[in-house]
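K.L.:
Below you will find the structure I want to go over with you.
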Amino acid sequence: MRAESASGEGIAGAIRSPQRLIAAVVALLIGLFGAAMLAPPHAAADGETYVVATDITFAPFEFQDVDGKFVGIDIDLINEIAANQKFNVTIKPLGFDAALQAVQANQADGVIAGMSITDERKKVFDFSDPYFESGVQMAVLDSNEDIKSYEDLRGKRVAVKNGTQGAEFAESIKDKYGFSTVYFADSASMFEEVKTGNSQAVFEDYPVLNYNIQQGSGFKTVTPKEKGASYGFAVNKGRNAELLKKFNAGLKELKESGRYDEIVETYLGEGATDADNSFIGLLKSTFPILMVGLKMTLILTVVSIAIALVLGIIFGLMRVSRSILLRAVGTTFVDIFRGTPLLVQAFFIYFGIPAALGFQMSALTAGIITLSLNAGAYMTEIVRGGIQSVDKGQMEAARSLGIGYLPTMRRVILPQAIRTMIPSYINQFVITLKDTSILSVIGIAELTQTGRIIIARNFQSFYMWLIIGIIYFVVIMALTKFSDRLEKRLVK
């Protein structure tokens, strides 16, 4: 009882004093960001372990096999070079754009992601010796007999991928041949765009097209290979020179030994897939990996919504406080995190803050902070609404009996408010669960990102998104039914 009393007095004192409450909130946020400081440091120039960012949805250069292992020309190369040069490498799977930002923000030591060496990129990155000479080709569906050359694209739409030489080449000729372009974040989405009929062709690096066709995707190339740029391994400008030196030395030895050619032939040689790409076949082969992604989704959701509840109570009480200062703080918190997109918040917290303050943050920590703050803003309004839904006479009656403001809030108002808050709280839980899919942009392999990674390997978008949709539906329906039963029990 003594400990409980002391705790109650501490909370009461904090809420009674605006300065102490603000200090408590700041301490909570510092605790959240403090966890980021525990992320493992990057390797020094002479260290043993380097963090290397990659796309992981760019087969055959980087993708995930049926066992969940990262493979591909780029992955095999960096691992072989690491073994040859006696250093370790940690692969950090991100989208292409996010991988480049991770290196610029010093969240990763280098990037290998089928990245073309260009003069523009040389301004912000230091590149290795070229490790692959690529080229661009145009592809259409097997059933398309109308498009056989660039001239046939007039008045049509072409799908391209962000930041690729395929996109650059398409932009360079689109005015001449009279077609428009539409951009996508990954190759699988780009190919699916053509399958839907919304675009008629893709421009892509020829190795990717070759692999795609081998997987039975239903595409064909209709133009000769255009001369393309070389691929290179990159580090942030002026940093990790030793890593770049090791990469070049290892690459040279792999080429001289013939191991380089063996790696390339493994992924670009002849031979189609013999995988079962039926709905049942995909369900059986991908279910274990999808369950790992679902586990991460649930971890992110549960931890974030628990923190969001704490934030919601603190800022919710601020929003109904008698102090103008506290109300202003609560309102500012809500306006900031409800008034900016979750995607922007994720990028700012994961890339912007570490780059500005000079520390490193794990993707998981950044994801939890992002979801917690975002959901916390909505939880604040749920708490405020719940408190204000209680008849004002309840507070007046308690105060007339000589009960203090805080004891009245704790013993009279909040117990009644909680009953009205539960449906909204469960609804926010569901929203946060779905919002975890946005965190794929910073490389967290939750359920949606796991699906994208699988699709990058087998290009079976329809069946894979159907399976993922069913998993989400089952989990959310189970949660909804639980909420309904809980609400009925509380009403009784």
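The values are calculated or read from the model by the stated rules, or taken from the named source; none is laboratory data. Keep in mind it's a predicted model, so treat the numbers as computed, not measured. Neighbour counts run over all protein chains shown; Cβ positions are idealised from the backbone, glycine included. These accessible areas exclude ligands, DNA and RNA; they are computed on the full protein's heavy atoms, side chains included. Shrake-Rupley method; radii C 1.70, N 1.55, O 1.52, S 1.80 Å.
K.L.:
State all residues of the range 363-396 that are assigned to a helix (DSSP H, G or I), open to solvent by 50 Å² or more (accessible area, probe 1.4 Å) and free of Cβ contacts under 8 Å to residues at least 60 places away in the same chain; if no residue qualifies, say none.
P.N.:
Hits for the range 363-396 are Ser389, Lys392, Gln394, Glu396.
K.L.:
In addition: Is there a residue being out of contact with any His (no Cβ under 7 Å at 6 or more places or on another chain), within 16 Å of Phe58 (Cα to Cα), in contact (Cβ under 8 Å) with a residue 12 or more places away in the chain and surrounded by fewer than 17 Cβ atoms within 10 Å (Cβ to Cβ) anywhere in the range 176-195?
P.N.:
Yes, that holds for at least one residue.
K.L.:
Test each condition in (1) outside any helix (DSSP H, G or I); (2) surrounded by fewer than 20 Cβ atoms within 10 Å (Cβ to Cβ) for Ile353 and report the one that comes out false.
P.N.:
Unmet for Ile353, out of (1) outside any helix (DSSP H, G or I); (2) surrounded by fewer than 20 Cβ atoms within 10 Å (Cβ to Cβ): (1).
K.L.:
Okay, next question. Go through the range 456-470 and report how many residues are part of a helix (DSSP H, G or I) and either open to solvent by 20 Å² or more (accessible area, probe 1.4 Å) or modelled with pLDDT under 80 (or both).
P.N.:
Counting residues in the range 456-470 that are part of a helix (DSSP H, G or I) and either open to solvent by 20 Å² or more (accessible area, probe 1.4 Å) or modelled with pLDDT under 80 (or both) gives 10.
K.L.:
Right, next: So, in the range 288-302, of the ones that are of a type in the set (Val, Ile, Thr) and open to solvent by 60 Å² or more (accessible area, probe 1.4 Å), which residue ends up nearest to Leu373 (Cα to Cα)?
P.N.:
My answer is Val302.
K.L.:
Hey, another quick one. Among what's in the range 220-249 and is closer than 19 Å to Tyr267 by Cα and surrounded by fewer than 23 Cβ atoms within 10 Å (Cβ to Cβ), pick the residue that is nearest to the chain's Cα centre (by Cα).
P.N.:
Only one residue fits best here, namely Ser230.
K.L.:
For Asn198, state whether it is within 25 Å of Ile453 (Cα to Cα), open to solvent by 30 Å² or more (accessible area, probe 1.4 Å) and not assigned by the TED database to the domain that holds Ala99.
P.N.:
yes
K.L.:
Let me ask you something else. With respect to Thr340, is the statement that it is of a type in the set (Ser, Thr, Tyr), closer than 28 Å to Ile442 by Cβ and outside any helix (DSSP H, G or I) true?
P.N.:
Yes; evaluated as a whole, the condition is true for this residue.
K.L.:
Evaluate the following for Gln360: is it touching a residue at least 12 places away in the same chain (Cβ under 8 Å) and farther than 24 Å from Thr480 by Cβ?
P.N.:
Yes, satisfied.
K.L.:
Here is a further query. Is there a residue being open to solvent by less than 30 Å² (accessible area, probe 1.4 Å), of a type in the set (Phe, Trp, Tyr), part of a helix (DSSP H, G or I) and touching a residue at least 60 places away in the same chain (Cβ under 8 Å) anywhere in the range 316-334?
P.N.:
No, the range 316-334 contains no residue that is open to solvent by less than 30 Å² (accessible area, probe 1.4 Å), of a type in the set (Phe, Trp, Tyr), part of a helix (DSSP H, G or I) and touching a residue at least 60 places away in the same chain (Cβ under 8 Å).
K.L.:
List, please: which pairs have Cβ atoms under 9 Å, are six or more places apart or on different chains, and start with a residue in the range 153-175 that is farther than 21 Å from Gly114 by Cα and end with one that is among the aromatic types (Phe, Trp, Tyr) and in a helix (DSSP H, G or I)?
P.N.:
Leu153/Tyr177; Arg154/Tyr177; Ile173/Tyr150
K.L.:
I've got another one for you. Looking for something over 30 Å from Ile147 (Cβ atoms) and touching a residue at least 12 places away in the same chain (Cβ under 8 Å) - is there at least one such residue anywhere in the range 216-233?
P.N.:
Among the residues of the range 216-233, at least one is over 30 Å from Ile147 (Cβ atoms) and touching a residue at least 12 places away in the same chain (Cβ under 8 Å), which makes the answer yes.
K.L.:
Hey, can you tell me all the residues within the range 441-455 that are part of a helix (DSSP H, G or I) and open to solvent by less than 10 Å² (accessible area, probe 1.4 Å)?
P.N.:
Selection gives Ile442, Leu447, Gln449, Thr450, Gly451, Ile453, Ile454, Ile455.
K.L.:
Quick one: in the range 63-103, of everything that is charged (D, E, K, R) and at pLDDT 90 or above, which residue is most open to solvent (accessible area, probe 1.4 Å)?
P.N.:
Lys86
K.L.:
Right, Met421: of a type outside the set (Lys, Arg), touching a Pro at 6+ places or on another chain (Cβ under 7 Å) and at pLDDT 75 or above or not?
P.N.:
Details: of a type outside the set (Lys, Arg): yes; touching a Pro at 6+ places or on another chain (Cβ under 7 Å): no; at pLDDT 75 or above: yes.
So Met421 does not fit the description; no.
K.L.:
Could you list, in sequence order, all residues of the range 159-172 that are under 22 Å from Glu120 (Cβ atoms) and either out of contact with any Lys or Arg (no Cβ under 7 Å at 6 or more places or on another chain) or open to solvent by 50 Å² or more (accessible area, probe 1.4 Å) (or both)?
P.N.:
From the range 159-172, those under 22 Å from Glu120 (Cβ atoms) are 160-172; that's our starting set.
Residues satisfying the conditions are Val160, Lys161, Asn162, Gly163, Thr164, Gln165, Gly166, Glu168, Phe169, Ala170, Glu171, Ser172.
K.L.:
All but one of (1) in a helix (DSSP H, G or I); (2) in contact (Cβ under 8 Å) with a residue 40 or more places away in the chain; (3) not β-branched (Val, Ile, Thr) hold for Gln416; which doesn't?
P.N.:
With (1) in a helix (DSSP H, G or I); (2) in contact (Cβ under 8 Å) with a residue 40 or more places away in the chain; (3) not β-branched (Val, Ile, Thr) applied to Gln416, the lone miss is (2).
K.L.:
Since Asn106 meets every condition but one in (1) at negative phi; (2) in contact with a strand residue (DSSP E or B) (Cβ under 8 Å, 6 or more places away or on another chain); (3) modelled with pLDDT of 80 or more, which condition does it not meet?
P.N.:
(1)
K.L.:
While we're on this one: Could you name every one of the strands (runs of 3 or more DSSP E) located completely within the range 56-160 that has at least 2 residues being under 28 Å from Ala356 (Cα atoms)?
P.N.:
The strands (runs of 3 or more DSSP E) meeting that bar are 88-93, 125-127.
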